[in-house]
Amino acid sequence: MDGMQIASAIFLILMLAFLFPRAKQMFFNSPKAESGDWSAALVPLLGVVGFIILLVWLVSQ
Amino acid sequence: MNNYNPSISTTSAVSINKVLRNTYMLLSITLLFSAITAMVSMVLQVSHMVSLICSFGALGLIWLVLPRTAHSAAGIGVVFAITGLLGFGLGPILNHYLALSNGPQLIATSLGGTGVIFMALSGYVLTTKRDFSFMGGFLMVGLIIAVLAMVANIFLQIPALSLALSAAIILIMSGFILFDTSRIINGGESNYVNATVSLYLSLYNIFVSLLHLLGVFGGDE
């Protein structure tokens, strides 16, 4: 275990401390999804997955 | 009785368009600025520890300074400081990939891929005008789980987990682009300084994670 790994772990733990209160607040106060909302979000995200697979395929040729 | 007031609706649309325009303008300038600081850092051949110190500095600014300055002109200077530090911190990573035989191609593909993802997702939200604010809690929980797994992987050093985390970060940050853009166009975010930092962080993380994925599958690591 070197200093770089310890410093990286400290950085990520600090990031968690920064994110946690915001996550809690957003989790409990976000509006509920209505019908069709999740599918509207999943369509572009699946497009991103397909695009990443395409890029990986292109660079591995 | 009809409560619809067209003048209020028009004013609101004008102010939303102004936030959107200012956000994209500041985002493009800060991306250019962080590209310049990344080039300076590459030329200076700074170490990974310097890169980490820059990340600490950027986190400190986002955490402690940005909330106090986001509503003043000083906020713009803070955005430049955050993006400059993060760009400078990219230097050692870019130098590492440039040392690979197809390094320049990998970096260019990651950069182009990040741009395509951002434009496609932003275009999708701007066209459909859907409200993705319901995703906020889900995305934050996903991000916390990913960061916890990253901490674990510093000690476990599992390559497959590292790859899975890069893929997960790309998806989570893509979700944040949908979330942040929809918040701007639906009036949930009226501060372009905060909006710029949120979008910049999504782009930064997508670029770094995509570079990692492409480096593993297409590089000679």
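The values are calculated or read from the model by the stated rules, or taken from the named source; none is laboratory data. All values reported here derive from a predicted model rather than from experimental measurement. Using ideal geometry, Cβ is built from the backbone for each residue, glycine included, and neighbour counts are taken over all protein chains shown.
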Is there any pair linking a residue in the stretch B:54-68 that is on the phi > 0 side of the Ramachandran plot and modelled with pLDDT of 95 or more to one that is part of a helix (DSSP H, G or I) and crowded, with 19+ Cβ neighbours inside 10 Å, with Cβ under 6 Å and at least six apart or on different chains, and which? none
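Please determine whether any residue of the stretch B:70-80 is polar (S, T, N, Q) and within 23 Å of residue B:211 (Cβ to Cβ). Before the answer, list the steps.
Within the stretch B:70-80, the first condition is being polar (S, T, N, Q), and the residues that meet it are B:72.
Okay, now just the ones that are also within 23 Å of residue B:211 (Cβ to Cβ), so none.
Within the stretch B:70-80, none of the residues are polar (S, T, N, Q) and within 23 Å of residue B:211 (Cβ to Cβ).
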Report the residue count in the stretch A:5-22 for those that are within 7 Å of another protein chain (Cβ to nearest Cβ) and within 13 Å of residue B:151 (Cα to Cα). 10
Find all pairs meeting these conditions: Cβ atoms under 7 angstrom apart; at least six residues apart or on different chains; first residue within the stretch B:122-137 and facing chain A (nearest Cβ under 8 Å); second residue of a type in the set (Phe, Trp, Tyr). B:132/B:179; B:133/B:179; B:135/B:179; B:136/B:179; B:137/A:27
Would you call residue B:170 under 26 Å from residue A:10 (Cα atoms), touching a residue at least 40 places away in the same chain (Cβ under 8 Å) and surrounded by 22 or more Cβ atoms within 10 Å (Cβ to Cβ)? yes
Counting only residues that are facing another protein chain (nearest Cβ under 7 Å), more than 30 Å from residue B:106 (Cα to Cα) and out of contact with any Phe, Trp or Tyr (no Cβ under 6 Å at 6 or more places or on another chain), the stretch A:29-61 contains a total of 2
Could you go through the stretch B:197-208 and let me know if any residue there is farther than 15 Å from residue A:56 by Cβ and either modelled with pLDDT under 95 or touching an Asp or Glu at 6+ places or on another chain (Cβ under 6 Å) (or both). yes
Would a scan of the stretch B:184-191 turn up a residue that is part of a helix (DSSP H, G or I) and within 18 Å of residue B:25 (Cβ to Cβ)? yes
